[in-house]
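The values are calculated or read from the model by the stated rules, or taken from the named source; none is laboratory data. Worth saying up front: this structure is predicted, and the values here are computed from it rather than measured. Glycine also receives a Cβ, built like all others from the backbone with ideal geometry; neighbour counts cover every protein chain displayed.
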Amino acid sequence: MPENQNKPASLHRRITACYGVPKSASRQTANMLARLQPEWRDTPRKAVSHLDYPGQTKEYDLLPLVGQEMPAGGVLHIQGWPNVGTLRTVRELKINLALVLRHPADQICAQESHVRHMRFRQLEAQGLAEDEEALQRELAGVTVDTLIRNGRLARNLWFMCEWLRATAALCDDSDIRVAVVRYEDVMADLPGTLRQAGDALFDPKPRQDQIAHAAECFQFHEAKLRLHANPHVYRFGSSGRVGLHRDYFDDAGLAAFREVVGHVLAIHPAAKHLCALYPSLPGVPAPVPV
């Protein structure tokens, strides 16, 4: 371990690494978790840092990020896979871990809207946004069906299973606190979900005023979702609601989705953890309580 990163364990115990599958509101969840930390109101410091890696890269090193982005502790939000170095750093520095998930069907549909919006913004920057023919050419291959068949869905599922396998392995260390946050629970019962995650991650447990303060920051996210659903503001936005896939899947799309999900669930050793969280997924032999 580099000398400049060899800080006391007591410092790093105040760090929570927040990982999330794309379009799961993991950024907003990290912002809320930062407000649940015991030091949030008492220490004037940057309490949350967001590091986005295109494509959920596996090539990153958590250790220097801890020192660079979180020198005084806080919540570190990262879009990255659980590589060997990351898990070693988590174990050595006793970093708490929050994992944010979303139902794969809604998540892949939200990704379609996101990719289409980003393509539109690229054309807009080139002065071509009003060229309907150019726009249709650019967006022709950006569909949920394409994302399912080109491996994006399988990658998302593998990402979730890999992190669930990692969190299960970390649970044997009593010094590491772990919380799994489902997007659906955030949308259904925000205070209750924050209470459950905060109690799991922080000591002392969050006060009620912290829960309320954290919930306030999600109101901005909800307002943003309303804007995303307004075609006059975001031409290709999505509402972010639970059950979004019902607006996208036809019979053929649903069959393609089930085929990919069934294949991943059949071969990934941690698929049982994902099935326990989302028992409606194809391949689950019987309902499993959440």
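Does Gly74 fit the bill of being surrounded by 14 or more Cβ atoms within 10 Å (Cβ to Cβ), at pLDDT below 70 and touching a helix residue (DSSP H, G or I) at 6+ places or on another chain (Cβ under 7 Å)?
So Gly74 fails the test.
What do you reckon, is Ala179 outside any helix (DSSP H, G or I), at pLDDT 85 or above and small (Gly, Ala, Ser)?
Here the answer is yes, as Ala179 does meet what is asked.
Of all residues in the range 205-243, which are at pLDDT 85 or above and more than 18 Å from the chain's Cα centre (by Cα)?
Selection gives Lys205, Pro206, Arg207, Gln208, Asp209, Gln210, Ile211, Ala212.
Applying the selection to the range 24-50, what residues are modelled with pLDDT under 85 and either within 18 Å of Arg152 (Cβ to Cβ) or in contact with an Asp or Glu (Cβ under 7 Å, 6 or more places away or on another chain) (or both)?
Passing the criteria: only Ser49.
Just need a number here: residues in the range 262-290 that are at pLDDT below 90 and surrounded by 15 or more Cβ atoms within 10 Å (Cβ to Cβ).
3
Being outside any helix (DSSP H, G or I) and at pLDDT 80 or above narrows it down to one residue among Asp173, Asp106; which is it?
Unique residue meeting the criteria: Asp173.
Could you tell me whether Met187 is of a type in the set (A, V, I, L, M, F, W, C) and at pLDDT below 90?
yes
Restricting to the range 161-201, give me the number of residues that are in contact (Cβ under 8 Å) with a residue 12 or more places away in the chain, in contact with a helix residue (DSSP H, G or I) (Cβ under 8 Å, 6 or more places away or on another chain) and of a type in the set (Asp, Glu).
Total satisfying the criteria: 1.
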